Amino acid sequence: MSRSLETLMVTIAGFSAGVVFGLLLSPRSGKENREWIGKQTDGAKHWVEDHGSKIVKEGEERLHKISSNVKEIIPDLYEATESILFEEEEPEEDA
């Protein structure tokens, strides 16, 4: 496993443990904690939806721009080879 993946896993595990201990040691009741978590996840969901659609749109624009640039640099092979005439006979091999 790569070092960066291990670091990410340790970070996620540490964060998760912190959240669990924070909820267990919270002065609020379980019902209040669930309501608070619900509100926070709704807010996070809306933020991800808003920013996610923006990121997808920007990515599509960049991909279109790259595609256009590639088409300008690399010629269309069908157009480039349409003037080449091929004979139906196979060339003779020298023995």
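Rule-based calculations on the coordinates, nothing more; no lab input. From a predicted model like this one, the values you see are computed outputs, not experimental measurements. Every residue, glycine among them, receives a Cβ derived from its backbone with ideal geometry; neighbour counts consider all protein chains shown.
Condition first: on the phi < 0 side of the Ramachandran plot and not in a helix (DSSP H, G or I). Can you find one or more residues in region 31-49 that meet it? Taking every residue of region 31-49 in turn, none turns out to be on the phi < 0 side of the Ramachandran plot and not in a helix (DSSP H, G or I).
If you check Leu23, Leu85, Leu5, Leu63, which single one turns out to be surrounded by fewer than 10 Cβ atoms within 10 Å (Cβ to Cβ), in a helix (DSSP H, G or I) and not aromatic (Phe, Trp, Tyr)? Spell out how you get there, then give the answer.
Details: Leu23 fails: surrounded by fewer than 10 Cβ atoms within 10 Å (Cβ to Cβ); Leu85 fails: in a helix (DSSP H, G or I); Leu63 fails: surrounded by fewer than 10 Cβ atoms within 10 Å (Cβ to Cβ).
Matching residue, one of Leu23, Leu85, Leu5, Leu63: Leu5.
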